[in-house]
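Since the structure comes first, as structure tokens, the remarks are kept for the end.
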Amino acid sequence: MESKIPGFYKLSPRERLDIVKKFANLTDDEIDILRGTGALSLSNADKMIENVVGVMGLPIGIATNFLINGRNYLIPMCIEESSVVAAASNAAKIARVKGGFHTTSTEPVMIGQIQVTNIKDPETAKNIILKNKNKIIAHANDRKSTIIKLGGGTKDIEARIVEHAGEKMLIVHLLIDCRNAMGANFVNTIVENTAPLIEELAGGQVVLRILSNLATHRLARAEAVFDKQALGGEDVVDAILEAYKFACADVYRATTHNKGIMNGIDAVLLATCNDTRAIEAGAHAYASLGGYHPLTTWEKNSDGDLVGKIELPLAVGIVGGATSVHPVAKVVKKILGIKSARELAEVMAAVGLAQNLAALKALSTEGIQKGHMKLHARNLATMAGATDDIIDKVVKTLIKESKPSFSKAKEIVEKMKKDKVAKN
């Protein structure tokens, strides 16, 4: 099946689930997991974190139209913000005109840091560490581990001298291939076990031993050509480029520019139960290298079409942690059809690029609020007590208002309910 599904948004949740079931070959039990709003039992939740008292539910939507490296994807996105899923779907539809998204990624290598202090001669200590690289790598990988058996483990060593308040310290980086895991526990175990050898070789005192969330060796990239006509014409292309220049020139705008990218990426992270905080920290730190800048780049090609690219660290996993425990995350991974952590990272990069295109297009043309208005009106109608039989009429009436509000929604709902009672 193709991920391009006309009218998907018009279908009922049950009808959408039927399509997703066929697309991903889901079982009836897996559909029941998605259909159940309490899909995470209290007992399962109690195994995931401490002091559990309940479960917080968030909606999962499906972004359609994604064509990535020639393959169709339906993208589950877990998010509370309206219009994000629709925006990603629309951007992906435009990208399909010129062949969809093309993605690549580096090996899933994380950085494990070992801090060495109280060193008399940091430069000499640094050279000793680098000369003993092979010994350190052999020591780090001398352990029973499924990841190491699968070809992962420590691959290289780096050493840096950093200074704070006049005190120099040696920072040793173990570059550790985590295969299909995010790798936090794996990396932390290796650096903790390797620290005594580092301390002995450097002749100082080891303090911290922990992974870094700035995963500069674990990058995902995506690019796409967006047809100028599908975007709305060359004027729209030029307007988007002007908006991009604003983000390049101003850190305040760049921050919101990148937040929009993470709207899409975070939604997929959450749906797959990956670590949103780690990815957010890494993405914004990566954007800060050399001065805070946009995570995407935009330009016009010789045909006048818009070309977008994105690059950022995405340390995600498909095994271990909550992604292997949460029942919904398991179904989400099946819908995505991903086979590796690198593939998941590349899908997320494509979603981030799509989200950025959608935001730039909306901001530089009709403004961001128009896209939000219908779903905002539906939220107001629901809060005001609109029932299923009148909610669509309430939304239509509310949208006509220049400034929809809760009080107006309440007024419309009460009037429609009175009219209904009078007719009966």
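Computed from the coordinates by the stated procedures, all read-outs in this text should not be read as laboratory data. Every value quoted in this text rests on a predicted model; they were computed, and no experiment measured them. For neighbour counting, all protein chains shown are included, and Cβ atoms are generated from backbone atoms with ideal geometry for every residue, glycine included.
Taking 7 Å steps out from each Cα toward its Cβ at Ala249 and Asp32 produces label points 5.9 nm apart. Once the Cα atoms are used to define both axes, helix 341-364 deviates from the longest principal axis of the chain by about 50 degrees. Magnitude of the charge dipole for the chain, about its Cα centre and with charges confined to Cβ atoms of Lys, Arg (+1) and Asp, Glu (-1), is about 960 debye.
Just to verify a number: FRET efficiency for Ser324 and Ile210, C-beta to C-beta distance, R0 = 25 Å, to 0.05?
E(calc), rounded to 0.05, equals 0.65.
Basic side chains Lys and Arg get +1 at the Cβ, acidic Asp and Glu get -1 at the Cβ, and with that the dipole of region 370-423 about its Cα centre reaches some 180 debye. If the chain linking Ile19 and Lys120 were pulled fully straight, counting 0.36 nm for each residue of separation and taking away their Cα-Cα distance, it would gain 29.7 nm. The relative contact order of region 109-212, computed from alpha carbon pairs under 8 Å that lie at least 6 residues apart in sequence, is 47 percent.
Each of Asp392 and Glu299 was given a label point 7 Å from its Cα along the Cα-to-Cβ line. The distance between the two points is 4.8 nm.
Measuring against 19 Å, Cα to Cα, the residue pairs Lys47/Lys330; Lys98/Lys259; Lys259/Lys330; Lys228/Lys300; Lys333/Lys361 contain Lys98/Lys259; Lys259/Lys330; Lys333/Lys361 as the ones spanning a longer distance.
Annotation note: GluC sites (Glu not before Pro) in region 1-75 located in DSSP loop regions with a Cβ neighbour count of at most 16 within 10 Å are Glu2, Glu50. Shown in residue order for region 82-90 are the 3J(HN,Hα) couplings computed by the Karplus curve 6.51 cos²θ - 1.76 cosθ + 1.60 at θ = phi - 60°: 6, 6, 5, 5, 5, 5, 4, 4, 5 Hz (x for Gly and Pro).
If R0 is 41 Å, the Cβ-Cβ spacing of Glu200 and Thr104 corresponds to a FRET efficiency of close to 0.55. Each peptide in 241-250, 157-166 was scored by the mean count of other Cβ atoms within 10 Å over its residues; highest first, the order is 241-250, 157-166.
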